[in-house]
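Derivation of every value follows stated rules applied to the coordinates shown; laboratory data play no part. Quantities reported herein were computed from a predicted structural model and do not represent experimental measurements. Virtual Cβ from ideal backbone geometry, glycine too; neighbours counted across all protein chains shown.
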Amino acid sequence: MTRDQLQAALLEALTGIAPEIDPAAIEPTKLLRDQVDLDSADWLNFLVAVHGKLGIDIPDADVGKLTTLAKLVDYCERRQ
Amino acid sequence: MAERAAQMRKVIASAMARSKREIPHYYLAEDVPLTAATAWLTQANAARPLPDRLLLAPLLLKAVAAALRRYPEFNGYCRDEVFSPSEAIHLGVAISLRAGGLVTPALMDVGRKDIDTVNRELLDLVRRARAGSLRSAELSSGTITVTSLGDQGVAAVYGVIYPPQVALVGFGRVTERPWASDGGLRVAPVLTATLAADHRVSDGHRGGLFLAAIRDLLQNPAELTQAPT
């Protein structure tokens, strides 16, 4: 997948668990948690959806580093 | 959407106004060190693929359910000044909705389920609460409510009891704090657990023991996650 395709898949996973957000309004380099009100259960549901869509497992130790959409795209690009 | 939010606000206003009018609340707080719980969780999650990964919340819920077995006066309904304890332990879980308002669907029989089941059901409840697809039976089955505003960053939450329930347990944010124990000082992850309870049914002494039981149960997470209660 290209970076654009990865970003589109990640945003689709995000709107799946937070239907009221506007994916076009997400700024890739800003902290995701500051832009979308996600609690820890939402966050895990989001990562599980990413895992389902892209088949990428994210070890627990890496989860805390993935704070922005751009970092998620980078990570998925390396791991796909 | 706006109409639905306005309707929900009315329902919450009615229930909470009734609660504060009729229920003589008392409030208690207890700091809970989570060194053992977070270490257990980190170790458990290291070997788990994403879909099986555990949150802290199910551990907290298991501790509440186990403590309620010992202190049944916090689990049940008070109607017409008469308290009926509930044999079943259904934990109403407060979930705030981004469009406004909150719902408290119940996780049924938490004590009898293992940690993986509670975790899976909690994730499912949150997902369905966001999607607006909760069943009405789930919304009215809680025998006590548990609220955790920790994710949003508050240190402690003092709740309003959801009538006819008689208690509400609150969990604040987990923070690293200086923690003195066994004559030494160390840094530990700690959260503040609170209890709002109905003075018509219980007293502060028992409430304190109930919170202490939750604290103690969380010091032995391996046992807590296995044992049916």
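Neighbouring Cβ atoms from other chains, within 10 Å of the Cβ of residues in A:17-24, number 2 on average. Computed on the Cα trace of the stretch B:27-90, the radius of gyration divided by the Kirkwood hydrodynamic radius gives Rg/Rh = 1.13. Set the Förster distance to 25 Å, then compute FRET efficiency between B:Ala88 and B:Asp182 from the Cβ-Cβ distance, nearest 0.05. The pair B:Ala88/B:Asp182 has a calculated efficiency of 0.05.
For the pair B:Val11 and B:Ala36, the difference between a 0.36 nm per residue extended length and the Cα-Cα distance amounts to 5.0 nm. Where both bridge residues fall in the protein assembly as shown, DSSP classifies roughly 80% of the beta bridges as antiparallel.
Taking every DSSP beta bridge that has both residues in chain B, what percent is antiparallel when rounded to the nearest 5? Within chain B, antiparallel bridges account for around 80 percent of the total. Other residues within the sphere of radius under 12 Å centred on the Cβ of B:Val11, judged by their own Cβ, net out at +4 (K and R +1, D and E -1).
Between A:Gln35 and A:Met1, the distance separating the two model label sites (each 7 Å from Cα on the Cα→Cβ line) works out to 1.6 nm. Within the stretch B:81-126, none of the trypsin sites (Lys or Arg not before Pro) combine a DSSP coil assignment with at most 12 other C-beta atoms in a 10 angstrom radius.
Across all directions, the shadow cast by the convex hull of the stretch B:165-214 built on its C-alpha atoms averages 4.3 square nanometres. For B:Val190, the shell of other residues with beta-carbons less than 15 Å away shows a net charge of 0, using +1 for Lys and Arg and -1 for Asp and Glu.
Sites listed here are trypsin sites (Lys or Arg not before Pro) in the stretch B:133-229 whose DSSP assignment is loop and whose Cβ has at most 16 other Cβ atoms within 10 Å: B:Arg135, B:Arg200. For chain A, calculate the relative contact order in percent as a whole number, restricting contacts to Cα pairs under 8 Å that are 6 or more residues apart. That works out to 45 percent. Dividing the C-alpha radius of gyration of chain A by 2.2 N^0.38 Å, with N its residue count, gives 0.97. Secondary structure note: in the stretch B:111-209, about 75% of the DSSP beta bridges are antiparallel.
Quick check: net charge around B:Arg206, other residues with Cβ under 12 Å of its Cβ, Lys/Arg +1 and Asp/Glu -1? Charge balance near B:Arg206 sits at -2.
Across peptide A:42-51, the average count of Cβ atoms from other chains found within 10 Å of a residue's Cβ is 4. Taking GluC sites (Glu not before Pro) in DSSP loop states with no more than 16 other Cβ atoms inside 10 Å as exposed sites, chain B has its longest site-free stretch at B:88-229. Per-residue mean of foreign Cβ neighbours for B:43-50 is 4 (Cβ atoms of other chains, 10 Å radius). Listing B:Cys78, A:Cys76 from fewest to most neighbouring C-beta atoms within 10 Å gives B:Cys78, A:Cys76.
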